[in-house]
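Each remark here refers to the structure printed beneath this line.
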Amino acid sequence: MKNPKIAIIGLGYVGLPLAVEFARKYQVVGFDINQARVDELKQNKDHTLETSSEDLESVNLSSLKELKNNSKGLWLTTNLDELKDANFYVVTVPTPVDKNHRPDLTPLYKASQSIGKILSKGDIVVYESTVYPGATEEDCMPYLEQNSGLKFNKDFYLGYSPERINPGDK
Ligand SMILES: NC(=O)c1ccc[n+]([C@@H]2O[C@H](COP(=O)([O-])OP(=O)(O)OC[C@H]3O[C@@H](n4cnc5c(N)ncnc54)[C@H](O)[C@@H]3O)[C@@H](O)[C@H]2O)c1
């Protein structure tokens, strides 16, 4: 992909540091459904302490317009419409387990539905949340197809990136 416009879905322990690193080189929109989380990050505060105020301040932009006028930087939002121009999506939403230790994929389904609504031809979606083998293609991909009307491996493409490090574990 020559001109990646990146969207990170879920700004927690995994998503926020990823968004900040990408924003040093590329245009990045960080999306979260938690308004309070987005508000604190816009004030350069990360209560998880994964990212310093200085690092946030160095990439945070004050508007979507500013992002479009720049080749790099981070715009934080809860507004799905503001992700429409992205062409490379990374999903970092939680995958909690229930009392029987079975993974609850509801956040992944919801995130996939959201992305499906704004997905365009040629886009790439990478899942980074912890899931079992096959979950990307068998469980998540149908939500992308159904909500976008696009076809997997013809109109859009998928990847999986396991999180190999433990954020916060220096
Ligand atoms: N934290 C770790 O040490 C770690 C390490 C390896 C892998 N992982 C995996 O990475 C994934 C994310 O973990 P985390 O620790 O960053 O989670 P987290 O709970 O810190 O953050 C997840 C964020 O996603 C947001 N979110 C939830 N549903 C959403 C949706 N539908 N759309 C947009 N945003 C949504 C939440 O508001 C939250 O801010 C999990 O699958 C986890 O297993 C985490």
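Below is a table of values for the structure above.
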| quantity | calculated |
| --- | --- |
| Per-pair calculated FRET efficiency, R0 = 45 Å: Lys65 and Glu145 via Cβ, rounded to 0.05 | 0.90 |
| Rel. contact order, % - alpha carbon contacts under 8 angstrom, at least six apart, the chain | 22 percent |
| D_trans [Stokes-Einstein, Kirkwood Rh over alpha-carbon pairs] for the range 37-170, 25 °C, 0.890 mPa s, µm² s⁻¹ | 148 µm²/s |
| Enclosed volume per residue, in Å³, of the convex hull spanned by Cα atoms of the range 114-170 | 91 Å³ |
| Rounded Å value of the spacing that divides the Cα centres of the range 114-161 and the range 27-85 | 23 Å |
| Estimated 222 nm signal from helices in the chain, with DSSP H stretches of n ≥ 4 weighted -39500 (n - 2.57), rounded to 500 | -8000 deg cm²/dmol |
| Share of carbon and sulfur in the accessible heavy-atom surface of the range 104-165 [1.4 Å probe, %] | 49 percent |
| Among Ala36, Pro133, Tyr157 the positive-end extreme of the charge dipole of the chain (Cβ point charges) | Tyr157 |
| Average accessible surface area per residue within the chain, 1.4 Å rolling probe, Å² | 56 Å² |
| Whole-number percent relative contact order across the range 90-157, with pairs defined as alpha carbons under 8 Å at least 6 apart | 38 percent |
| Links that overshoot a 28 Å alpha carbon limit, given the list Lys45/Lys121; Lys2/Lys151; Lys45/Lys117; Lys110/Lys154 | Lys45/Lys121; Lys45/Lys117 |
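The values are calculated or read from the model by the stated rules, or taken from the named source; none is laboratory data. Nothing here was measured: the structure is a model prediction, and the numbers come from that model. All Cβ positions, even for glycine, are placed from backbone atoms using ideal geometry, and neighbour counts span all protein chains on display. Heavy atoms of the whole protein, side chains included, go into the accessibility calculation; ligands, DNA and RNA do not. Shrake-Rupley method; radii C 1.70, N 1.55, O 1.52, S 1.80 Å.
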